[in-house]
Every structure is written in C-alpha cells, then in structure tokens.
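The values are calculated or read from the model by the stated rules, or taken from the named source; none is laboratory data. Keep in mind that this is a model prediction, so the values were computed, not measured. A quick note on method: Cβ atoms are made from the backbone with ideal geometry, for glycine too, and the neighbour counts reach across all protein chains shown. Quick note on the areas: whole protein, heavy atoms, side chains included, nothing else; ligands and nucleic acids left out. Shrake-Rupley method; radii C 1.70, N 1.55, O 1.52, S 1.80 Å.
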Amino acid sequence: MESMIQTQPYATLNNGIKMPLLGLGAWDMYGKDAEQATLDALQIGYRLIDTAAMYGNEKEIGIALRKSRINRREIFVSTKVANTNQGYDSTLKAFDASVKKLDIDYIDLYLIHWPVKNKRKETWKALEKLFIDKRVRAIGVANYLLPFLKELETYSTIVPAVNQIEFSPWLYLKDVLQYCGKHNIQLQSYSPLTRGKKFNDPRLIQLCKKYGKTPAQIILRWNIEHNISTIPKSSNPKRLKENFDIFDFSLSKEDVQLMDDFNENFRVVEDPMDML
C-alpha cells in the first residue's frame, strides 16, 4: 500500500501548497455510507477528500478522518459554500458551520460551489478574507467557465488556487484548461467518469484492450496526463481500488490526443452557463 501512496502525483498550487491529483468525490453519499467510503479510500491510499455543505455529509467525513488515525497533515480536505449561503457574511458563517461539522482544525481548500448570480463578488471577497486570516490553506471556485473566470479577474485580489468543473474526454473544455494553465489555476474534474454513460464508447474499449486497463482507469489516467486533478466518486471498495490503481502505466501522447478528440460537449450535470 505504501508504494501506491508514494507514486501518487501531487500538484503544487499557486500559493505553494501541495494537493494530490487524485481524490475521492463525496457527492451523493450519506450517513454510514459516506463515512465508510471515506475510511476505505484513506486505507487504500487516497489523500484528497472532496465534500461540500450541499452534500450533507461533512459530519460523517469528519468522523472518518478521525477514525482513520492518519495524520491530519497528510490529508487534503476540501469543502464548498452552498448556493443558499452565498454572500459575504453568510459565507463566513457557512465556513464556520463546515469547520464545526467536519470537526477539524482547518480546511485545506474552500470553494464557491456554483457561480450564483449577484452573489459572486461578495462570496469571493469572503473567501479572500478567510485566506488572509489563515483560516483556510487555499481558496478556489467550482463550475466557473470562461465568462465567470474573466469576471472574477475584475474584482479579485487573489487568484483562485483551484477551479473544479465537470470535465471528461467527452466534455473536453480546452479553453478553460488553457486559461487555467495560463493563470496558474489548478483544474480539477468532477464526474470524470460520466457516471459510466460513456464506458461503451468503442474507441475507449480499444484503449482498454491496448493497455489492459478498465474504462475508468483509462479515463482517470487521461486526466493525470493533462495534470488535471480528478475526484471520481465511489462508495464501492472494489471500484475505489480500481480508480486508485492508475499510477503503474501512462498513455502515449497519441492516445491522449485521440481522447481529446472524443469531445461532444456531453454533460451529466447542469451547465453552469445557465447561471450567467
């Protein structure tokens, strides 16, 4: 197990802190299931756990962090301010509530969950305050496509460390990837596995045969090849192991390019542009 942890790649965020490229997404996991999945993931070697106030499982994830007995400094925890709590004062209160539910001394990464209209500036200013006050190690955004990122530039004094968006070979948002690369923002992909809806793509199946890997492993490795952090969600121990077992092979440049061309703007989650 130790060797798997050692070979796990990390990204250095724009403020100098390190974040594992592969993590566990905790969306749609509740109660004991959320706790057990987090414990299982930590035992396998995951060191990035991504939750959100909207997921309703911060308490259970906090319990798992403590039960794991793993040094807190080794685990990277991110959570997000819910849409209903956005705005300056309410974001600061929401952050306090998340810290209390997680029952941890600090949060590694705090994100704006969605770009809520008329709330984006005040919410971001609250995140900047949390960062300046050293209450969180890094701040960022989620679901920010180009118009939101460009708008953020007009009032931010701190560049977001992370932008978490839906991203997959079938939703290859090259413009966002390039923007984030240029501005030193770490891109992070959620729903990278398209909830299994594209596993039967014949081009993907060919790559599985070529590399002797599963569809999930090929897709996750494609993210890693692009230096994109990725947070697949699973509560199944077998799948958790499978998703983590992607550090013993790499895709050729040609195959990465081939997968880039899978793009068809296919989404499994709503389009953030609806919030513009």
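Here are the numbers:
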| read-out | value |
| --- | --- |
| Two-site FRET efficiency, residue 211 against residue 263, from Cβ-Cβ distance with R₀ of 25 Å, rounded to 0.05 | 0.75 |
| Residue 214 accessible area, 1.4 Å probe, all protein chains in place, Å² to nearest 10 | 40 Å² |
| Top of 109, 220, 258 by mean-square fluctuation, Gaussian network on the chain, Cα under 10 Å | 258 |
| Exposure rank, largest accessible area first [47, 72; 1.4 Å] | 72, 47 |
| Candidate lysines for bridging to residue 59, where Cα separation is under 23 Å - those fewer than 8 sequence places away on the same chain excluded | 32, 67, 80, 93, 100, 101, 134, 233 |
| Projected-area average for region 1-148 over all orientations - Cα convex hull basis, square nanometres | 8.7 nm² |
| Phi to ³J(HN,Hα) by Karplus 6.51 cos²θ - 1.76 cosθ + 1.60 over region 96-110, Hz, x for Gly, Pro | 4, 5, 5, 4, 5, 5, 5, 6, 10, 6, 8, 10, 6, 9, 10 |
| Enclosed volume per residue, in Å³, of the convex hull spanned by Cα atoms of region 72-220 | 139 Å³ |
| Cα shape, region 157-255, gyration tensor, a/c 1.5 rule | prolate |
| Under-5 Å amide H pairs with residue 14, H placed in peptide plane, nonlocal only | 186 |
| Label-point gap, in nm, between residue 106 and residue 275 - each point 7 angstrom along Cα→Cβ | 2.7 nm |
| Order of exposure, largest accessible area first, which applies to 241, 119, 198 with probe 1.4 Å | 241, 119, 198 |
| Rg/Rg_ref, region 53-118, where Rg_ref = 2.2 N^0.38 Å and atoms are Cα | 1.15 |
| Stretchable slack from residue 183 to residue 195, in nm (0.36 nm times residue separation minus alpha-carbon distance) | 1.3 nm |
| Which labelled figure in (i) 18.9, 59; (ii) 19.1, 67; (iii) 17.8, 53 is Rg and Dmax of the Cα atoms in Å, once derived from the coordinates | (iii) |
| Extension reserve of the residue 249-residue 175 stretch, reckoned as 0.36 nm per residue once the Cα distance is removed | 23.9 nm |
| Paramagnetic reach from residue 157 (point 7 Å along Cα→Cβ, amide N under 13 Å) across region 96-125 | 125 |
| Residue-averaged 222 nm ellipticity for the chain, from DSSP H runs of 4+ at -39500 (n - 2.57), nearest 500 | -12000 deg cm²/dmol |
| Largest-first ordering by accessible area, 1.4 Å probe, given options 89, 40 | 89, 40 |
